[in-house]
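To start, the structure itself, in structure tokens.
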Amino acid sequence: MNSQKKNIQKSSTSPSKSANNALKGGAFLLEKTDPQNVFIPEEWNEEQRMLLETVQEFFLQEVHSMGIDKLAQLDASKDMPIILDIFHKAADMGFCGVAIDEKYGGMDLDFNTNLLISEALSLGFSFATTIGAQTSIGSLPIVYYGTAQQKDKYLPGIASGEIKAAYCLTEPSAGSDANSGKSKVTFTKDGDFILNGQKMWITNGGFADLFIVFAKIENDKNLSAFIVEKAFGGITLGAEEKKLGIKASSTVQVFFENCPIPKENLLGKREGGFKIALNILNTGRIKLCAGGVGGSKFGITRSIEYATQRIQFEQPIANFGAIKHKIGEMVMQTHVTESAMYRTGYNIDQKYKEFVKQGQDNSEAKLNAIREFAVECALLKVKGSEVATYVVDEALQIHGGMGYSVETGIEMGYRDARITRIYEGTNEINRMLSVAELTKRAVKTKEIDLMGAGKTIPFYLIQQALTFRVGSKGMGDARIVENFKKAFLLISGAAGNKLKEKMVDEQEMVMNLSDMLGIAFFAESALLRLEKLRNKSGVKAETITTQENILKLYLYESTNKVRKLGEDTICSYATGIEKRGLRLALRLLTPHYPVNPKELRRAIADFTIAKGKYPFA
Ligand SMILES: Cc1cc2nc3c(=O)[nH]c(=O)nc-3n(C[C@H](O)[C@H](O)[C@H](O)COP(=O)(O)OP(=O)(O)OC[C@H]3O[C@@H](n4cnc5c(N)ncnc54)[C@H](O)[C@@H]3O)c2cc1C
């Protein structure tokens, strides 16, 4: 790593009050969180803000300055020198070492600051994927699971960018069902390994020097993980895939034919590979959300720039209600996602400190802290990718015909964003995972008392019926958020009781439940952010008012969604008196939320338009 690395300085997340009561993953559903213990983006310190700007400026200078025409034509199949040039410049700035220990030449930034960098990387279009694969799935398996020798050997090169890394899990016949891969490892007579197999869709594969490969040893049931250097031999690459988007990122098939691997390059334990793969994906998922948030903010800013300049019917199109509706929604969705993501990133940092205090070593503590929040990471992956694809779609619509043209770059963003709903586990898989992980913690490991919480619901419903009439203005926003949690507990509990283990086969219902769980989490995160912001000095009244408007709009829309999702689920399995009872309870929990959504969207849009960009933090 050369001296330019000082462009990025080590920094750490430090909310106004240190929180040592980091919650258990998934426990947001049952426990009250003190807003003072939540990190909000308004608390980024000077260093962190500079870091964000450094990364953003790098991409503006190195990537955007190429001009959209050239950028849109970049393709990994013909432009590898350009791609590698930018990769090396980014590495010189220190971008490849953000999650690697200082002793290996990295910066070992805390998790939340890492998320901030992932947000900033999104300005790099396809390059975000290239650098993201290096700093996340390509290197974290060694960071978290490597032996001291493996770390010594590989991490300095990865941090400096001299070693380019890729992650090889997917195979032609093993996508979502990743543990079904056919790649096989056998032993030599000296106890070393020989790998045969085929991997598919490998990001950075076209130029990688090092592959983290998942394969089964002999007749093992589960995958093991291996660090495979290209220099070992027996590796050939397929042609660059022709893709819808992220065209300037390399994606190839990788073939291993009698590829020799020394025994010391087994990563983690034999048959421990699937666990490694999944744990690394937890990190990838929340980082993907950060990229989605960054892309959404950029899309909002570009939309405002265009909408304020484009004149139709003798006025800027930004004046029209239909456009304000879009901007209001785009900002609201981005804001709630951002609030939940950095809340989780901070909790991961807190949990890590707690585990270190308990005597866990650094890597183990990091890994366990991320695994603790697997439910949240899955919810965030789904939300971040869906908000990003939604925002860029609306940005394209705001640009009209110009959005459809290569000239503005919006069509490229539209194509690039689409992959986020597919990789790091498809959104279907992540929705199911969020509910399965929560259920496991309730039923198997008994870390979360969902059943106990379920038992309190009848009393809660009676209280709700007696205290709040339908449409009553007396119900505070905190109560609405609590109602979302109760709606999830009520319906998931009732359906789970009835269907038992058959529930996993009722995927339509599980997907609905995941969305209900997500709404509770995102709504609460926006509420906590607002509550903390209200007590923070120096915050402008208009910022607070806009965040209040956002919360109200999200609660209004979510009330309707929770009712619909809940109804759908109830009507999918319940009959007779059970169905009538559950529907009545759901209606009690989702009374009309009396606001004017049109005015809220307009107010959010007006504030954003006046700022000329995404207006927070
Ligand atoms: C550009 C790109 C880059 C990638 N980079 C990498 C990489 O670097 N390393 C790597 O290992 N992989 C990588 N992948 C692979 C990616 O992770 C997989 O494409 C993804 O996991 C889905 O697998 P699949 O494509 O085989 O789809 P499938 O698993 O065949 O899924 C097809 C559809 O069926 C649904 N489905 C599948 N199983 C179920 C189920 N049980 N229940 C309900 N629905 C289901 C899916 O949600 C999806 O909608 C990349 C993919 C792309 C396109």
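The values are calculated or read from the model by the stated rules, or taken from the named source; none is laboratory data. In this text, all values refer to a predicted model and were calculated from it rather than measured experimentally. To get the accessible areas, we keep the full protein, side chains included, count just its heavy atoms, and leave off ligands, DNA and RNA. Shrake-Rupley method; radii C 1.70, N 1.55, O 1.52, S 1.80 Å.
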Rolling a 1.4 angstrom probe over the protein chains, ignoring ligands and nucleic acids, what is the accessible area of residue 467 in square angstrom, nearest 10? 90 Å²
Answer check: the stretch 347-403, Cα atoms, Kirkwood Rh, Rg/Rh ratio of 1.36
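Between rounded, prolate and oblate, where does the stretch 392-443 land on the alpha carbon gyration tensor, with a ≥ b ≥ c its root eigenvalues, rounded for a/c under 1.5, else prolate if a/b exceeds b/c?
Numbers: a/c = 6.67, a/b = 3.62, b/c = 1.84.
Since a/c reaches 1.5 and a/b is larger than b/c, the shape of the stretch 392-443 is classed as prolate.
Share of Cα-Cα pairs in the stretch 179-236 beyond 14 Å, in percent?
Working: 926 of 1653 pairs.
Pairs farther apart than 14 Å: 56 percent.
Got a number for carbon plus sulfur as a percent of the chain's accessible area, 1.4 Å probe?
Working: 13200 of 24920 Å².
Ligands and nucleic acids excluded, carbon and sulfur give 53 percent.
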What does the C-alpha gyration tensor say about the overall shape of the stretch 273-422? Classify as rounded when a/c is under 1.5, otherwise prolate if a/b is larger than b/c, or oblate. prolate
3J(HN,Hα) from dihedral phi, the stretch 90-95, Karplus parametrisation 6.51/-1.76/1.60, rounded to Hz, x for glycine, proline: 5, 5, 4, 7, x, 5
Rolling a 1.4 angstrom probe over the protein chains, ignoring ligands and nucleic acids, what is the accessible area of residue 341 in square angstrom, nearest 10? 0 Å²
For the chain, share of DSSP beta bridges that run antiparallel, in % to the nearest 5: 80 percent
Using the Kirkwood radius over Cα pairs, work out the Stokes-Einstein diffusion coefficient for the chain at 4 °C and 1.567 mPa s, in µm²/s as a whole number. 51 µm²/s
What is the spread of the Cα atoms of the stretch 210-272 along each of their three principal axes, largest first, in whole Å? 37, 23, 18
Name the residues whose placed amide hydrogens come within less than 5 Å of the amide hydrogen of residue 193, ignoring near sequence neighbours (fewer than 5 apart) on the same chain. 188, 261, 263
Is the stretch 117-229 best put as rounded, prolate or oblate by its Cα gyration tensor, with a ≥ b ≥ c the root eigenvalues, rounded for a/c under 1.5, and otherwise prolate when a/b is larger than b/c, oblate when not? oblate
Could you run the Karplus curve 6.51 cos²θ - 1.76 cosθ + 1.60 with θ = phi - 60° over the stretch 396-407 and give me ³J(HN,Hα) per residue in whole Hz, x for Gly and Pro? 5, 5, 4, 7, x, x, 5, x, 7, 7, 4, 3
Beyond 22 Å (Cα-Cα) in this structure, taken from 32/444; 440/532; 164/297; 351/440, we find 32/444; 440/532; 164/297
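So how much slack lies between residue 508 and residue 69, counting 0.36 nm per residue of separation and subtracting their Cα-Cα distance, in nm? Don't skip to the end; give the middle numbers.
Working: separation 439, 0.36 × 439 = 158.04 nm, distance 4.26 nm.
Stretched out fully, the residue 508 to residue 69 stretch lengthens by 153.8 nm.
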Phi-based couplings in Hz for the stretch 557-564 (Karplus 6.51, -1.76, 1.60; Gly and Pro marked x): 5, 5, 4, 5, 5, 4, 4, 5
Long-range tail of P(r) for the stretch 534-591 (Cα pairs > 14 Å, %): 65 percent
Roughly how many Å² of residue 419 are accessible to a 1.4 Å probe, to the nearest 10? 40 Å²
